[in-house]
1. Testing Arg80 on (1) modelled with pLDDT of 85 or more; (2) at positive phi; (3) not acidic (Asp, Glu), one condition comes back false. Which one is that?
2. Would you please name the residue that is surrounded by the most Cβ atoms within 10 Å (Cβ to Cβ), looking only at residues in region 172-192 that are touching a Gly at 6+ places or on another chain (Cβ under 9 Å) and more than 26 Å from Glu131 (Cβ to Cβ)?
3. Only residues that are free of Cβ contacts under 8 Å to residues at least 40 places away in the same chain and touching a Lys or Arg at 6+ places or on another chain (Cβ under 9 Å): list them for region 179-194, please.
4. Residue by residue through region 52-85, note down the ones that are assigned to a loop (DSSP other than H, G, I, E, B) and under 17 Å from Leu157 (Cα atoms).
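The values are calculated or read from the model by the stated rules, or taken from the named source; none is laboratory data. In this text, all values refer to a predicted model and were calculated from it rather than measured experimentally. Ideal geometry is used to build each Cβ from the backbone, glycine not excepted, and the neighbour counts take in all protein chains shown.
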Amino acid sequence: MAKKISTTGELVRKAQDGDREALETLFAKAYPDLLQAARFRIGAALRTRMEAQDLVQTAFYEALCDLSQYRYLGKGSFYRWLLSILENKIRNRLSFLKAKRRDLRREVAFDPERPIPAPTSSPTVKLVARENRERLERAMDQLPEGYRKVIICHYYLRMPWREIGEHMGLKEEAAQMLCRRALLKLKQIYERKL
């Protein structure tokens, strides 16, 4: 008999009741998207100072500590809660770096190779996937902050347009238009030789 897949709300309730498997499932489902959001959010200038994986892990730890106080508010709310924790981690790290009076613009960015999941173990497939990911990250780095934010909210966080609009201080339709403009700009940058 096939095991029934729990909804996020059920997983949250079970995790709050101490079900370790439910907790691990919640975090495993959110990890790839949060990692990608962290990579895009920190940008090229900060990649030498912040590791996206570390930020996501500390966000998960904080979420684990605060899970008993979390209240599930419907589809996507758990993921947005995790994202807000991650955003706070990034903001705090930026404040720390600024307090040290470091001019990050003068530093040379170094992005060490990271293993990436690939459908096969072929070295060629892995190389192409890594190059495409790096190219997309560089293109995202060149977008204005509002463009980058609306793309992350819609495509990585899967937020509804109404919530994206509220989050960005826009009407729902304006958020959709902003996203279309952002995608056009991203396509132009991505298709250039980077």
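1. (2)
2. Going through the qualifying residues, I end up with Ala175.
3. Ala182
4. Selection gives Tyr72, Leu73, Gly74, Lys75, Gly76.
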